[in-house]
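Working notes, structure below.
The values are calculated or read from the model by the stated rules, or taken from the named source; none is laboratory data. These figures come from a predicted structure and were not determined experimentally. Note that we place each Cβ from the backbone using ideal geometry, even for glycine, and neighbour counts take in every protein chain shown.
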Amino acid sequence: MRKIVIYVCGLFMVLAAFACVQKDNVNLEWKKEGQGIWKISVGKQEKVTLLSELDITPQWKAIEEIGDAPLAIDPKDVKTEVVDGKTYIRFPLDKDEKIFGLGLNFKTVEQRGRVMRLHVDHYGGSDNGRTHAPIPFFVSSKGYGALINSARYIDVWVGTSVRQDSSNPPVAKDRNTDKDWTAQPYSDNLEFLIPAEGAEVIVFSGKTMLDVVRRYNLYNGGGCLPPKWGLGFWHRVPSLFTDTEIEREVQEFRDKGFPLNVVGLEPGWMTASYPCTYEWDNTRFPNPQAFTKKMKESNIQTNLWMNPYISPKGELYDRIKPYTSSHTVWCGIVPDYMMSEAQRILIDHFKKHQLNLGVSGYKMDENDGYDSWLWPDVASFPSGTSAEQMRQIYGSLMQKVTTQMYKDENKRTYGLVRAANAGTTSFPYVIYNDYYNHHDFITALVNSSFIGVLWTPEVRASRTSEEWLRRMQTVCFSPLAMLNAWADGTKPWTFPEVAESVKAISLLRMQLIPYLYTAFADYTFKGTPPVRAMNLEEGYNMDEKMLQVSFDATNNPYALAIKKEVKDQFMVGNSLLVAPLFEGEKERKVILPKGKWYDFYTGEFAGEGEIISVSPGLDKIPVYVKDGGIVPMFPPIRQIDNKQYPLEVRHYGNAPGIYDLYDDDGETFNYQKGEFVRIVLTVDVDASNNKMGKASIPGGKNVWSYSDYIFRYMTK
């Protein structure tokens, strides 16, 4: 009898062990979703994913226009298994293959050789996966990418782990005798660990990496199209400013001739913040509707700071309390944005106190992290969503709810947010943070283009006038150009010795709005990032070299090599290459992709598929234009308004050019009903190098912004 019991117990143990393991690729089906897109389901799918709650509609027609592309990997080489309630996914890596993406990183562009835990958090200075947008999407230089669609903290080993069953194992070396011994042997796999019994994987292919990124963006609904005013210049005022002080500041911008389209109000606009009431403080703003109306009459929009945590002092508290977390943040209750009841209550409150009073949008703060004050992973939410999943998608949910609120009113909005994840591409929000390293800000700008989010290297403060100007130069070539003076009251003219140069670059930002607005339209309709990494540019080929670091028994005992990456130049729109300088730099090297490139300011030839050294002086940020590039520009206006302006159409180089200039009303979603125009700007060049420009407007189409087209041929 005892032997039978032992046998039965042993049988149950074997069955239990078998049940907790799904062997490699058992019943793994690759389902083709559309051209160049496949979906894989591994194990038991979770109800809540990164995409499941965002009501995303893929842009299938635009995806088809990219054209189909074969899968760049053999499905048999993608391995999956579920063990002990966790899902393991493994992709193969070729020896020279590069991996990009995997979150909004601030120090690295090419991610091979890294170990990360993708976890929404405030960026803490290290590319370890904890960041504002830890999107588990990677792009391979082979021409494919994959999204791990799981709202969990995901561990990833990017070519760092060496398996015994490797197809291309590294050769074991003796550190005592082999000079080329390395602490990081070659690895031929990219591995993910998801703490759940299953996960969905969406794979994207493309003829180029840019096509992969475009397909990913279009699958997520296409990029956002901000209102035209959103591309103007923003200024956030000190936290406790009153309506009178803001009006005085707006007048000062006007008097000094500085651009200004958006005023941002910080925590002091509310009756209470940290936690928040979302209600106007009537001592500082006795008539908020009259205030926003007066701003709009001056062509200035109002953007309000907020965080998600609700104060007991406001009228919202009792209504929303049944739909909040078990834990508080700064003694404020945490709304469960997963619940339709909570969303309805919040929207009603936002409409009553902001939207109906003329507020144009939000800056949504503190929805990202610091474990010591955010809700812990032991917290519960009434929707049943785990605290971990809520952490990963909370910023995404806030974006969805507020975007839809404005869309219901047929008004476009544009704002700032501290947390995002996969699926937020179509939401009109730009990520920002409190980290303030200028070099790293540009690296983040580069990385944002791989993962379907926008980032701004906002300007807050500087130690010197040189740093101030250099920061202003880079922010004016970003998705959102903003000075954030909430803490110290800085102004664009804070450093008088560079005030005119700051004014000039700010006005150049305004001049470029036709070009930038078209770049965003291409983001919306074609999935092309408006600001993108050089690695996504055709003809760019700069291998990241490995720099051998000398042995140091304390600081680098394994003499680990580091990558020399190009992470300080980027593309804006179709034709502009921007190469910032930083404080203390008098010259820099610029890598020009294949083809001829020309100086933006002069039209002079700069180089062709080569590395050039430039010394532009303090007043200019180096910018280059492709041969045949067309850049449409406004006059140097201070504000975006409803007027038509003559358009200067600049042409560079000696190759013929064509440019599909985009225009619509700049404010509503009527463009989704076909109420927009593409004005075809062409420049023909004959055998004698004579140039002839033409603007072709489709018959029966409205033009909202342009009264005339003046062609200027920059290259003689």
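Quick look at the values:
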quantity	calculated
Set V171, V115, V139, V162: member being of a type in the set (A, V, I, L, M, F, W, C), in contact with a Pro (Cβ under 6 Å, 6 or more places away or on another chain) and either in a strand (DSSP E or B) or without any contact (Cβ under 8 Å) to a residue 40 or more places away in the chain (or both)	V162
Condition broken by I73, with the remaining ones in (1) of a type outside the set (D, E); (2) part of a loop (DSSP other than H, G, I, E, B); (3) touching a Gly at 6+ places or on another chain (Cβ under 6 Å) satisfied	(3)
Flag if T49 is modelled with pLDDT of 55 or more, buried (at least 17 other Cβ atoms within 10 Å of the Cβ) and not in a helix (DSSP H, G or I)	yes
Pick from segment 504-554, criterion modelled with pLDDT under 95 and either within 27 Å of L469 (Cα to Cα) or in contact with a Leu (Cβ under 8 Å, 6 or more places away or on another chain) (or both), ranking: surrounded by the most Cβ atoms within 10 Å (Cβ to Cβ)	V549
Qualifying positions in segment 321-346 - hydroxyl-bearing (S, T, Y) and either surrounded by fewer than 15 Cβ atoms within 10 Å (Cβ to Cβ) or not in a helix (DSSP H, G or I) (or both)	T324, S325, S326, T328, Y337, S340
Count - residues of segment 399-417 that are farther than 15 Å from Y671 by Cβ, assigned to a helix (DSSP H, G or I) and in contact with a strand residue (DSSP E or B) (Cβ under 9 Å, 6 or more places away or on another chain)	3
Any hit, segment 177-199, residues being acidic (D, E), more than 20 Å from K79 (Cα to Cα) and at pLDDT below 95	yes
Candidate set from segment 248-260 (those that are over 14 Å from G489 (Cα atoms) and more than 32 Å from the chain's Cα centre (by Cα)); member that is surrounded by the fewest Cβ atoms within 10 Å (Cβ to Cβ)	D255
Condition check for D627: modelled with pLDDT under 95 and surrounded by 12 or more Cβ atoms within 10 Å (Cβ to Cβ)	no
